[in-house]
Amino acid sequence: MAKAPRDIASELKPGRVVPEPFSPPQWLALGDALDREMRQQFRIPASVDTIAIGWTSVEGLTRRRFQGASKVIRESANIPTPQPHVLAPTDNPQFADHAEQDVVNAFIDGLQEVSQDRSPLDGEFLRIYISHGDGPCTKCRQGLNNRQVYPGVLAEFSRRYRGLTVSVAWKNGQQQLEFMSLLGGERLK
Ligand SMILES: [Zn+2]
């Protein structure tokens, strides 16, 4: 008898290590479950974007969720505000304080708590699920695979922790998984 597909969403529990996804359907199910978990925690309606959730392999931080949200959501939800370690590459407020920027800054706050902030984080990962169907905006992606422009938050963050694999996932308008993998400030795929 064929083995039933693993129910990764039911394996996700608040305050516990995030289960490992092994396929695009599992990534989507996990992303949806992380999205639901954060919306329940902060009473964010399902219809509003953007929120983002990060999780990591770094010791001492594996049970954490690094949470981010757009400014509009933050106005009505009591989401912790991280320190502004990584800044947007523009003064235009439309492109500042984005959900993915919050996630990497919350992660750096966490690294400082466990005294890992100076580490290149070789072999570790930070994964980020973004609720928006377009994924990271062009400003947040700026400077990946192009060192001649000022880096956006993802490039700047990835250059700072050059051994850390940063995966960014989202569900596009066709309900398919989109994925970016970053290492040393470059987009690998
Ligand atoms: Zn952005």
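The values are calculated or read from the model by the stated rules, or taken from the named source; none is laboratory data. What you see is a predicted model, and the numbers here were worked out from it, not measured in a lab. Heads up, the Cβs are rebuilt from the backbone with ideal geometry, glycines too, and the neighbour counts pull from every protein chain shown.
Here are some notes:
- Residue within the stretch 154-169 that is modelled with pLDDT of 95 or more and in contact with a Cys (Cβ under 8 Å, 6 or more places away or on another chain) present: yes
- Total residues in the stretch 66-125 satisfying the condition of being over 17 Å from the mean Cα position of the chain (by Cα) and assigned to a helix (DSSP H, G or I): the figure is 7.
- Lone qualifier among Asp32, Asp91, Asp109, Asp49 - being surrounded by fewer than 20 Cβ atoms within 10 Å (Cβ to Cβ), free of Cβ contacts under 8 Å to residues at least 12 places away in the same chain and charged (D, E, K, R): Asp91
- Residues that are within 16 Å of the chain's Cα centre (by Cα) and not in a helix (DSSP H, G or I), drawn from the stretch 145-164: Gly152, Tyr161, Leu164
- Filtered residues of the stretch 68-94 (kept if within 14 Å of Ala52 (Cβ to Cβ) and of a type in the set (D, E, K, R)): Lys71, Arg74
- Answer from Leu144, Leu121, Leu164 - the residue that is in contact (Cβ under 8 Å) with a residue 40 or more places away in the chain and at positive phi: Leu121
- Tally, over the stretch 99-142, of residues that are away from the ligand (no atom under 16 Å from the Cβ) and closer than 19 Å to Arg187 by Cα: 8
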